[in-house]
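Inspection log for the structure reproduced underneath, given as structure tokens.
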Amino acid sequence: MLVPDPKVVRKLLTQYASLQIAHAERGDATVARELEDVSYTLCVLMGANAVHDAVAKADALL
């Protein structure tokens, strides 16, 4: 089984958290799209179907 690089996972989690805050504050379409992209990437990288599962797996990895 392949294990994602922890540096990449940490970077994605940071981006995800920052984008969630930005989306809550502004909620514009650009931020929403970026959040969707990072969420998708996290799901693929962690082998999860939902972003909450991907975040949990990423946290466990780190």
Exercise for review: Please find, within the range 40-62, the residue that is least open to solvent (accessible area, probe 1.4 Å) out of those that are in a helix (DSSP H, G or I) and not aliphatic (A, V, I, L, M).
Suggested key: Cys43
Point to revise | Scope the range 1-26; condition among the hydrophobic types (A, V, I, L, M, F, W, C) and either surrounded by 14 or more Cβ atoms within 10 Å (Cβ to Cβ) or touching a residue at least 40 places away in the same chain (Cβ under 8 Å) (or both); matching residues | key: Val3, Val9, Leu12, Leu13, Leu19, Ala22
Check your understanding: Quick check: anything in the range 27-39 part of a helix (DSSP H, G or I), open to solvent by 30 Å² or more (accessible area, probe 1.4 Å), among the hydrophobic types (A, V, I, L, M, F, W, C) and farther than 20 Å from Leu62 by Cβ?
Key -> yes
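The values are calculated or read from the model by the stated rules, or taken from the named source; none is laboratory data. All figures in this text were calculated on a predicted structure; none of them were measured in a lab. Virtual Cβ from ideal backbone geometry, glycine too; neighbours counted across all protein chains shown. Surface accessibility is based on the protein's heavy atoms, side chains included, excluding ligands, DNA and RNA. Shrake-Rupley method; radii C 1.70, N 1.55, O 1.52, S 1.80 Å.
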